[in-house]
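Presented below is the structure to which this report refers.
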Amino acid sequence: MGWNRKVLRVNLSAGTCTPEPLNMAWANDYLGSRGLASKYLISEIDPKVDPLSPDNKMIMATGPLTGTMASTGGRYTVVTKGALTNAIACSNSGGFFGAEMKFAGWDMIIFEGKSPKPVYLYVENDKAELRDAAHLWGKTCWEAEETIKRQHQDPLIRVSSIGGAGENQVMFACIVNDLHRAAGRSGVGAVMGSKNLKAVAIRGTKGVSGIKDFPAFLAATNAAKKVLADNAVTGQGLPKYGTQVLMNVINEMGALPTRNHRDVQFEEAGKISAEAMHEKRPSDGKAQLVTNAACFGCTIACGRISKIDETHFSVKNSPKYWGASGGLEYEAAWALGAANGVGDLEALQYANLLCNEHGMDPISFGATVGAAMEMYETGILSKEQIGLDAPFGSAEALCQLVEMTAHGKGFGKELGLGSARLCAKYGHPELSMSVKGQEFPAYDSRGIQGMGLAYATSNRGACHLRGYTVASEVLGIPVKTDPLTTDGKPELVKAFQDATGIFDSAGICVFTSFAWTLADVQPQLQAACEGDWSMDKLNLVGERIWNMERQFNLAAGLSAKDDDLPPRLKTEPAKTGPAKGLVNGLDKMKPEYYKVRGWDSAGVPEQATLQRLGL
Amino acid sequence: MRVTVKLYATLADYLPAGTRNNRLEVEVAENAVVDAVLAPFSLPAKLTHLVLLNGVFVPPGERASACLKDGDTLAVWPPIAGG
């Protein structure tokens with residue numbers, strides 16, 4: 001079987017670590033990782049719980065393919081009630097931490113309660129104990145990881161930790177593993193910080209055993225790897241240019257949100273693109289990009305490793321940032337760049353480094369800066385309130401604001417609220433470009449209509465990774481659809497949402513879906529796991545997971561009114577590009593989507609739907 | 001008439017040496033079709049994947065008939081993705 005059948009329950013209030021058997025009936029119904037951990041969370045917490053109270057729980061979970069030979073099988077998820085969103089949160093990360101958890105013999109770790117003092121969890125195979133973290137509190141994610149490895153005299157320990165952002169409960173704090181991979185969205189790092197849990201350090205030497213049919217698994221994983229290698233996107237495009245190659249594509253088609261979504265095209269997009277990362281700089285004759293990189297078991301290797309320009313104003317006196325480090329990826333480059341009108345590639349990498357170092361989601365941070373810059377330009381916020389001039393396009397302001405937010409100083413504390421709370425505080429909630437309190441990623445839904453519906457109905461707030469219809473509407477994967485119409489989008493969004501639930505719950509990367517369909521994943525799961533994992537079953541489980549998350553959100557107090565977009569996207573037409581004159585057609589798509597989902601007009605799953613899904 | 005051709009990612013190798021910002025203005029015949037505008041660049045067919053005319057996708061079946069106007073922009077990518 002792909003599961004270890006073992007859960008570690010950590011009661012932070014009592015200071016205990018207790019193993020317990022994995023609920024295999026639930027594993028059979030919810031697969032693993034996102035789906036299975038969500039089932040545990042929903043079964044154990046009050047949906048109305050304050051996300052930052054001890055009564056919230058946080059689960060780190062692997063899937064049945066995590067740690068195996070399946071390509072990209074290194075993923076793990078953090079499931080909790082989100083600090084940023086007050087909705088279910090499930091943040092997914094790559095790197096090597098997830099596989100290490102599996103190698104140590106655990107499928108998931110459930111954290112409950114709150115430690116009376118800062119602690120970290122140390123796991124060495126079956127041994128698990130909470131240790132004092134007084135010496136780690138206040139350290140960055142990078143320092144914490146290095147300190148733990150040095151302290152245990154083991155460089156092979158894998159660490160997930162929070163930085164100052166999580167400690168200070170910045171609402172978009174994330175959890176960073178392996179220096180520059182992160183469970184990034186929805187404020188999961190703030191939840192971890194609220195529990196006085198600084199880090200989780202794991203060393204596992206058991207490997208993964210118990211694959212149900214190993215010869216079949218070997219054949220299935222090899223065949224699936226060949227599909228990735230032979231596919232032009234996963235075999236060549238992503239390794240060479242990374243996700244950042246989208247910058248010029250999305251700008252060209254008029255869907256690059258710019259200056260807090262005032263515009264849909266950024267005149268300096270080329271300067272912050274993948275192509276720009278390959279260009280040699282005048283200052284030192286070197287390109288920013290050093291190489292690509294892969295997470296555990298990945299045969300795509302889309303990650304970017306870069307070196308910042310040592311002469312740039314942001315780092316010229318800070319040699320610690322001169323080494324090779326992660327970034328820029330598309331979402332971060334957009335949020336730190338186009339969203340604020342900043343076209344300085346080195347400034348974006350500096351802000352990205354600080355987000356990794358201190359544990360902040362660069363999407364929500366960058367988009368919150370965009371909202372603040374708009375409030376500055378319109379006179380809602382003054383220079384005195386912010387502490388500096390912050391017009392759109394100011395790289396200096398971006399670099400200062402990231403430092404202030406990371407260190408919780410001055411106006412940085414207010415930015416740490418996230419854009420929804422910040423804009424509401426200053427009387428202009430409409431300027432927050434968010435859904436359910438979570439900031440949009442890098443696609444303007446006036447130019448890519450389906451994404452408006454995907455954002456509005458995403459169970460974890462605005463997110464591209466819950467239903468990436470960009471694949472179809474822009475890239476033609478699996479088939480090309482027209483991004484400028486709403487026709488057929490409800491069905492398309494549902495299909496992407498349900499399928500993504502399986503990729504996430506299996507423990508593999510959703511980027512495989514640029515080449516794989518569920519039909520490529522199914523033989524791998526069937527060979528790894530006991531029981532029936534037919535295509536029919538997978539389709540049912542994907543839909544079940546989505547509806548289960550929906551039910552949690554409804555019980556938490558969210559409703560159809562929260563499945564909405566900011567008024568700007570529904571009333572202010574795109575000014576340029578192919579979508580010129582268009583707003584997003586959410587109000588047309590949403591009722592149809594509810595019908596396709598088997599929900600009533602209030603967005604509540606019908607009884608027949610729940611019965612069909614076994615909920 | 002004059003149109004702008006933009007070749008991105010690995011297709012930048014097919015632009016003349018020294019081309020800046022992945023873009024080149026070219027003189028083409030009136031009502032030139034997409035395929036005709038791209039022909040001088042000798043792009044491999046399997047790399048001529050995502051073709052946008054003024055930001056709008058031109059399906060492979062229409063590239064021999066879709067005409068450009070003066071001032072239009074044609075942008076091309078090989079198979080790529082992101083997220």
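Here, each number is a calculation from the coordinates, and none is a lab measurement. Given the structure is predicted, the values throughout are model-derived calculations rather than measurements. Methodologically, a virtual Cβ is constructed for each residue, glycine included, from the backbone with ideal geometry; neighbour enumeration extends over all protein chains shown.
Peptide B:40-52 has a mean shielding of 2, counted as Cβ atoms of other protein chains within 10 Å of each residue's Cβ.
Averaged over peptide A:265-273, the number of partner chain Cβ atoms lying within 10 Å of each residue's Cβ comes to 1. Residue exposure proxy: A:ILE502, A:ILE45, ordered by other Cβ atoms within 10 angstrom of their Cβ from fewest to most, comes out as A:ILE45, A:ILE502. For B:ASP70 and A:GLU146, a Förster radius of 35 Å and the Cβ-Cβ distance give a FRET efficiency of 0.05, rounded to the nearest 0.05. With a cut-off of 9 Å between beta carbons, the residues surrounding A:GLY163 carry a summed charge of -2, where Lys and Arg count +1 and Asp and Glu -1. Shown in residue order for region A:259-268 are the 3J(HN,Hα) couplings computed by the Karplus curve 6.51 cos²θ - 1.76 cosθ + 1.60 at θ = phi - 60°: 6, 6, 6, 5, 10, 10, 9, 10, 5, 10 Hz (x for Gly and Pro).
Rounded to the nearest 0.05, what FRET efficiency do B:VAL26 and A:THR16 give with R0 = 51 Å and r taken as the Cβ-Cβ distance? Could you check? If you can, show how the numbers build up before the last one.
On the way: r = 71 Å, r/R0 = 1.40.
Computed FRET efficiency for B:VAL26 and A:THR16 comes out at 0.10.
How much length is gained on full extension from A:LYS320 to A:LEU179, taking 0.36 nm per residue of separation minus their Cα-Cα distance?
Here the segment from A:LYS320 to A:LEU179 would lengthen by 49.4 nm.
If a/c stays under 1.5 just call it rounded; otherwise compare a/b with b/c (prolate if a/b is bigger, oblate if not). Do that for the protein assembly as shown, with a ≥ b ≥ c from the square roots of the Cα gyration tensor eigenvalues.
The shape class here is rounded.
Placing pseudo-labels 7 Å out from each Cα toward the beta carbon at A:LEU610 and A:THR291 gives an inter-label distance of 5.4 nm. Shape of region A:465-613 from the C-alpha gyration tensor: oblate (a/c of 1.5 or more and a/b not above b/c, with a ≥ b ≥ c the square roots of its eigenvalues).
Counting only residues at least eight positions apart within a chain, or on another chain, the aspartates and glutamates with an alpha carbon under 17 Å from that of A:LYS316 are A:ASP284, A:ASP344, A:GLU346, A:GLU396, A:GLU403. Annotation: the antiparallel percentage among DSSP beta bridges lying fully within region A:6-203 is about 75. Each peptide in A:58-64, A:82-88 was scored by the mean count of other Cβ atoms within 10 Å over its residues; highest first, the order is A:58-64, A:82-88.
The string of couplings for region A:277-290 from the Karplus curve (6.51, -1.76, 1.60, θ = phi - 60°) is 5, 8, 7, 6, 7, x, 5, 10, x, 10, 7, 5, 6, 9 Hz, one whole number per residue in order, with x for Gly and Pro. For region A:98-244, calculate the relative contact order in percent as a whole number, restricting contacts to Cα pairs under 8 Å that are 6 or more residues apart. Reported as a whole number, the value is 27 percent.
Centre-to-centre, using Cα atoms only, region A:212-262 and region A:437-513 are separated by 14 Å. If r is the Cβ-Cβ distance from B:ALA17 to A:LYS206 and R0 is 51 Å, what FRET efficiency results, to the nearest 0.05? After rounding, the FRET efficiency stands at 0.40.
Shape verdict for chain B, please, from the Cα gyration tensor: rounded (a/c under 1.5), prolate (a/b greater than b/c) or oblate. Write down the numbers at each step before the final one.
On the way: a/c = 1.60, a/b = 1.16, b/c = 1.38.
Cα axes put chain B in the oblate bin.
Quick check on my link table: of A:LYS561/A:LYS595; A:LYS149/A:LYS320; A:LYS139/A:LYS307; A:LYS149/A:LYS413; A:LYS57/A:LYS198; A:LYS240/B:LYS46, which ones sit more than 25 Å apart, alpha carbon to alpha carbon? In this structure, A:LYS149/A:LYS413 lie more than 25 Å apart at Cα.
Of all beta bridges that DSSP places with both ends in region B:2-77, some 75 percent have antiparallel geometry.
Of A:ASP504, A:ASP46, A:ASP344, the sequence from fewest to most neighbouring Cβ atoms within 10 angstrom is A:ASP46, A:ASP344, A:ASP504.
Contact order, relative form, for chain B: 43 percent (alpha carbon pairs under 8 Å, 6 or more residues apart, mean separation divided by residue count).
Take the Cα of A:THR517, step 7 Å toward its Cβ, do the same at A:ALA219, and the gap between the two points is 2.1 nm. Sequence-distant contacts, meaning Cα pairs under 8 Å at least 6 residues apart, place the relative contact order of region A:6-203 at 23 percent.
Peptide B:53-64: average number of partner chain Cβ atoms within 10 Å per residue? Before the final figure, lay out each step's value.
Working: counts 1, 5, 17, 9, 11, 0, 2, 1, 0, 0, 0, 0.
Whole-number average of other-chain Cβ neighbours for B:53-64 is 4.
Taking the Cβ of each residue in A:ASP132, B:ASP70, A:ASP263, A:ASP487 as the centre, tally the other Cβ atoms inside 10 Å and list the residues starting with the fewest. Could you put the intermediate results ahead of the total?
Details: A:ASP132 13, B:ASP70 9, A:ASP263 20, A:ASP487 16.
Fewest-to-most Cβ neighbours within 10 Å comes out as B:ASP70, A:ASP132, A:ASP487, A:ASP263.
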